[in-house]
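Structure first, commentary second.
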Amino acid sequence: MSKKLVIIDTDCGIDDAQAIMMALAAPNIQILGITCVFGNAAIDDVCQNVLKVLSVCERQQIPVFKGSAGPLVGANNLLSDHFGTDGLGDVIKNKDLQWEEKVHREHAVNALIRLVSENQKQVSLVALGPLTNLALAVRLDPSFPQKLKDLYIMGGNMEGKGNVTLCAEFNFATDPESAYIVLEEFLCPTYVASWEFACRNALMWEFFEELINQDAPAAQFMKMITSRCPAYSKEALANKRDVYFGPGFVSYDSYIMAACIDGSVVTESIECPVRVELQGSISRGMMALDRTNKLKKSHSVFVLSKCDLGKFSRLLMESLRQPHK
C-alpha cells in the first residue's frame, strides 16, 4: 500500500510534538519534511524542538526547515508561554549546540513550494501553527494551493470564543492576515479543527496518565516535557476551570493530525465558506462560518465538529508506544 505523503508546518510546542509523534508512528504516513514557524516559541526554539522530537523517535533523516520568525504584518505580540518559554515545558537541560547545522539551509517557504511541486496533487499539508509560511508560499507561487492534495489546519474557532483574545484562537490571532489569505486562496480540500472542536473532545485525565507512563522513549519524553506545564496539570486547570468546556486533557494539534492519518476519526463536519475577520477591535482573527451563503464564496471548507474518541485515543496511545523507525 502506498503511503500518504505529508508535510508538517509547525510552531512546535508540546501538543505539536505529540502530533508529530503521532504522524511518525502511523504506518500509512511518509513525512517529506517539517517546516517551522514562530508561534508557541521563537523560531530558533521551534527548530530545536522539532529536532529533539525527531531525535527521540530516531527519525533524524526527515528534513527540517526554518521559516517565518514573525507575522505577515506588524510585530508579534502574542508569543505564548502556555507550553513554557521554549515551547517544550522548560525542562530540557542539554541543548543541542549544533542544531543550526542540522536544519536545512533552504527557507521553509521555498521548501514547501519545491516539495509540493515535485509531488503535485499528492501532498497533504498539515498546519499546526500560525499560517505565515503558507501565506508566503501562495504569494511566491500563486499556483501552490492547487498543487496540494489537501490541507489540514489546527486553528480558528466556530463560535466566536477565543483563548488569547476575546474572540480569536491563538494560531489565527497570532497572524490574522495569513489566516485570511490561506482560507481565501487555498481552494484545495481543506479541513479545519477549531479550538472548540478540540476542547469538546477532551479526554479523561486517567487516559493521560496511562499515555505518558508507557515504557517507551517517546512516552518518557512526553512525561518529561509535560511534568511542569500547567496546561497538562489536572490540579492547575481545576483552579482555573475553563468557563466554556470544563475539565479534561486536550492535545490540540493531535486532533487535526489524526484526521489526516485516518479520515474516519472525524464523524461529523460542517461544510461551508469561512472568513477570518481582520478589522474588528474585538473580533480580529476570529473565523466566521457562513452557513447561509451571505459571502457568496465559491469555496467551502470542512470545519470538524464530532470525533470518534475511541479511534483518536488509540492513535495517541500508539504514537508513544510503537517504534517510530
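The values are calculated or read from the model by the stated rules, or taken from the named source; none is laboratory data. Everything numeric in this text was worked out from a predicted model, so none of it was measured. Cβ: placed from backbone, ideal geometry, glycine included. Neighbour counts: every protein chain shown. Keep in mind that these areas ignore ligands, DNA and RNA; they rest on the heavy atoms of the full protein, side chains included. Shrake-Rupley method; radii C 1.70, N 1.55, O 1.52, S 1.80 Å.
Worth pointing out:
- Label-zone membership for segment 283-299, site Glu271, 7 angstrom Cα→C-beta point, backbone N under 19 Å: 289-299
- Within the accessible surface of segment 43-194, defined with a 1.4 Å probe on protein heavy atoms only, the carbon and sulfur portion equals 48 percent.
- Dipole magnitude of segment 153-283 about its Cα centre (Cβ charges: Lys, Arg +1; Asp, Glu -1), debye to nearest 20: 460
- Computed magnitude of the charge dipole of the chain (debye, nearest 20; Cβ of K, R +1, Cβ of D, E -1): 500
- For the pair Gln220 and Lys3, the difference between a 0.36 nm per residue extended length and the Cα-Cα distance amounts to 75.3 nm.
- Computed over protein heavy atoms with a 1.4 Å probe, the accessible surface of the chain works out to 43 Å² per residue.
- Two-site FRET efficiency, Phe207 against Gln30, from Cβ-Cβ distance with R₀ of 35 Å, rounded to 0.05: 0.75
- Counted residue by residue at 0.36 nm each, then reduced by the alpha carbon distance between them, the extension gain from Arg321 to Gln120 reaches 69.1 nm.
- Arg284 accessible area, assembled protein chains, probe 1.4 Å, Å²: 90
- Cβ-based net charge around Pro71, under 10 Å, with every Lys or Arg adding one and every Asp or Glu removing one: -2
- Toward the positive end of the charge dipole of the chain, with +1 on the Cβ of Lys and Arg and -1 on the Cβ of Asp and Glu, the farthest Cα among Cys36, Leu24, Phe172 is that of Leu24.
- Other residues lying with their Cβ under 14 Å from the Cβ of Pro142 contribute a combined charge of -1, Lys and Arg counting +1, Asp and Glu -1.
- Highest to lowest packing among 288-295, 307-314, scored as the average C-beta count within 10 Å: 307-314, 288-295
- Calculated P(r) of segment 204-322 - Cα pairs past 22 Å, %: 52
- Summing Lys and Arg as +1 and Asp and Glu as -1 over all other residues whose Cβ lies under 13 Å from the Cβ of Glu159 gives a net charge of +1.
- Most to least packed among 268-280, 150-162 [average Cβ atoms within 10 Å]: 150-162, 268-280
- For the chain, the 222 nm mean residue ellipticity estimated from helices alone, with every DSSP H stretch of n ≥ 4 adding -39500 (n - 2.57) and the total spread over all residues, rounds to -10000 deg cm²/dmol.
- Distant alpha-carbon pairs in the chain (separation over 31 angstrom), percent: 23
- Applying the criteria of a DSSP loop state and at most 12 other Cβ atoms within 10 Å to the trypsin sites (Lys or Arg not before Pro) of segment 1-58 yields Lys3.
- Residues Asp290 and Ala69, FRET efficiency given R0 of 41 Å [Cβ-Cβ distance, rounded to 0.05]: 0.80
- Look at the dipole of the chain built from charges on Cβ: of Gly13, Ser281, Phe312, the Cα furthest out on the positive end belongs to Phe312.
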